[in-house]
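Working notes, structure below.
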Amino acid sequence: MRLFPQIKKAFVPAVLACAAVLAAGHSRTAQAAFFENIAVHAKAISLANSCTAYPPGIMAIHYNPAGLSSMHDGQQVSMGLVTAEFALESRFDQDPEFQDWLGGSFDNADDPVSGHTGTTQGVHMYVPMVGDQDTDAIGLETPLGFTLAAAPFPLGVSYRKPGSRWTFAFGAYAPSLGGYSRSNDDPARYLGRAVSMQHIVYAAPSVSYRITDTLSLGLTIGMGQSATYIDMDMRMPNDLMALTKILGEVTEGLDIPIISALTLPPPWFGGGIGPYEDIANLQLSARDDYCPNYNLGLLWEPKNWFSFGLCYQSEVKMEQDGTYRFTYNENFQRMSAWFGSSPLLLPFSIILDLPYEALPYQTGHMVLEGVDAPQRVQAGIMLRPFKRLRLMCDAHWIDYSKTKAYTLHFDQKIQPFQIAKFVGHTDGAYALKMTRNMEDEIHMSYGAELQVLEWLSLRCGYEERKTSVNPLYFDVMAPVPDLDFYGAGIGIQLKDGMAIDLAFGYLKSDTWHVPNNTSKSMNSTAFTDAVYNPYAGLDVSGKMDATVIAANFSMPFKYVYKLGNMLQAAYEQTKEKMSF
């Protein structure tokens, strides 16, 4: 092997491009990407998404549309299969310095969650035309003890007339996937027994134009569907809840004839609700079936040993609508009924806008706002120091700072929110705002490809994903700390333009720790933070990892015709034999 002699001639522009990419890595924030780009294409997974300057075939549609100019002439087709398994572990322990509720009337050592660890049991996802599903319902049980569910992504076709500078393509893929399910008694169920957030691009027409022999531009227009599902139990450990329980217990036998029935019937607050008692279960499912976006790409290939890629992906606006169901526990129903149980309480409840009748559940229509996918920019370089070796380096920037809060709007007054205004809930009885205040994120990724044989390439990659989650709002619903993403895979080049890409990806974090009273979305003990901090008084820790397995098959479209003809011939032969 020898160094290419052309390196010296183009050394200066190459160094400038390298410096531009590498310099971005030194302005890292302390925060990390969500579950984007972990299951788009096998080649990209194996290179840990270091492919802006070395786009992965038809899926250049997503990573850099200008890369379509590198496709073969004629009609090409690409089909993929991907499966992922997430494991989120959470641990809850009492804070020895917490002074407990109402000065010690309730000991947080009595919290049934304290001292317990939970972990996810499988993947949850929204399946178009089927609905929300756990992998237990749609997957295959493996000998290793987990359930495997695969998605048929990506899919794509491309066409370029021989000799033309234009390349056209059409694809479908899943740029963002994340979902899990937990057991019914998992201690983390108060922030998600089952959760999924995903975005699937079901139609992505794309075009690239080779301006010169070394410079190409590309554009993709994407049309996608986003979906969110949440199933969680609810509780509100808070001084007010503790007070209602104490008053309910001490007034159990306080029945003054006539007077009690006209004023404050015992037990007060219907017996009250303890700080560690469940009050409800929430299930919601929402989606937006039309979420447009666009990708712009540039690919500069001045030498066969160097290329530079740049891609801009626009923000994806989402306004998801769907249905919800609050199912109330008996203790909450008793409290709601108590507010309307006497001639004194009923008018006060109406004036203060409190619930005054027991409802087993509330269901209806809701809208979810604030879950837009942020705009992002990715720039990368590819170097070939030797003929058989490619080295890639990419810088990624994601505009997460625009994500301020997720807001749920309901079509009726929700009873717990009517009561929660006395503990700081300021969004009214028709809405729930989950503050996020996420932060912009910059990180680096690196990849390498070694062509060991004319038909076989080995690939590996590493991506350092810094968290985009604001520490003040970290929770176990979407516990995304700093993550390391490792990729490995092989590329097999067969005759007549057929190719197979296989990949394995592994995503892991170190153990994260959230001491008591440091997250306003999980364990704040402030009186006005009751909505929603179900683990107030507890130290929370955990870790996460995920595995991804993907395969991709690319070939000229003529093989699809051949396969169709073979199937047709087999059908005709079978039909002929069965006719006798």
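Here are the numbers for the structure shown:
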read-out	value
Distance from the range 343-414 to the range 523-554 (C-alpha centre basis), Å	14
Listed residue (Phe306, Ser342, Gln99) projecting farthest to the positive dipole end of the chain, Cβ model	Phe306
Segments 110-116, 500-506 sorted - mean Cβ within 10 Å per residue, highest first	500-506, 110-116
Convex hull of the range 428-511 built on C-alpha atoms - directionally averaged projected area, nm²	9.3
Per-selection Kirkwood Rh - the range 446-580 (Cα, Å, 1 d.p.)	19.8
Length-normalised contact order for the chain - Cα pairs under 8 Å, 6+ apart - percent	19
From phi via Karplus (6.51, -1.76, 1.60), per-residue ³J(HN,Hα) for the range 560-575 in Hz, x at Gly/Pro	5, 4, 4, 5, x, 5, 5, 5, 5, 5, 5, 5, 5, 5, 5, 4
Order by protection proxy (mean Cβ within 10 Å, highest first), peptides 252-264, 213-225, 445-457	213-225, 445-457, 252-264
Protection proxy ranking of 352-361, 280-289 - average other beta-carbon atoms within 10 Å, highest first	280-289, 352-361
Centroid-to-centroid separation of the range 209-280 and the range 153-205 [C-alpha atoms, Å]	30
Nearest 10 degrees, 0 to 90: helix 239-250 Cα axis against the chain principal axis	40
Spin-label model distance (nm) - Leu494 vs Val127, 7 Å beyond Cα toward Cβ	2.8
Charge dipole of the chain about the Cα centre (unit charges at C-beta), most positive-ward option of Gly163, His199, Gly505	Gly163
Summed residue charge, Cβ within 13 Å of Trp268's Cβ, Lys/Arg positive, Asp/Glu negative	-1
Crossing angle, helix 11-24 versus the chain [Cα axis fit, 0-90 degrees, rounded to tens]	10
Distant-in-sequence amide H partners of Met318 (H built 1.01 Å from N, under 5 Å)	Asp372, Ala373
Unsatisfied cross-links (Cα-Cα over 23 Å) in the set Lys433/Lys543; Lys161/Lys495; Lys161/Lys562; Lys317/Lys433	Lys433/Lys543
Proximal aspartates and glutamates to Lys558, defined as alpha-carbon separation beneath 19 angstrom and excluding residues fewer than eight positions away on the same chain	Asp73, Asp496
Nearest-20 debye value, the chain charge dipole, Cβ charges on Lys, Arg, Asp, Glu	3560
Most positive-pole-ward Cα, Tyr209, Tyr126, Asn37, against dipole of the chain from beta carbon charges	Tyr209
Cα-centred dipole magnitude for the range 424-580, charges only on beta-carbon of K, R (+1) and D, E (-1), debye, nearest 20	620
Neighbour net charge for Asp73 - beta-carbon separation under 9 angstrom, K R +1, D E -1	+2
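Rule-based calculations on the coordinates, nothing more; no lab input. All figures in this text were calculated on a predicted structure; none of them were measured in a lab. Reconstructed Cβ throughout: ideal geometry from the backbone, glycine too, with neighbour counts over all protein chains shown.
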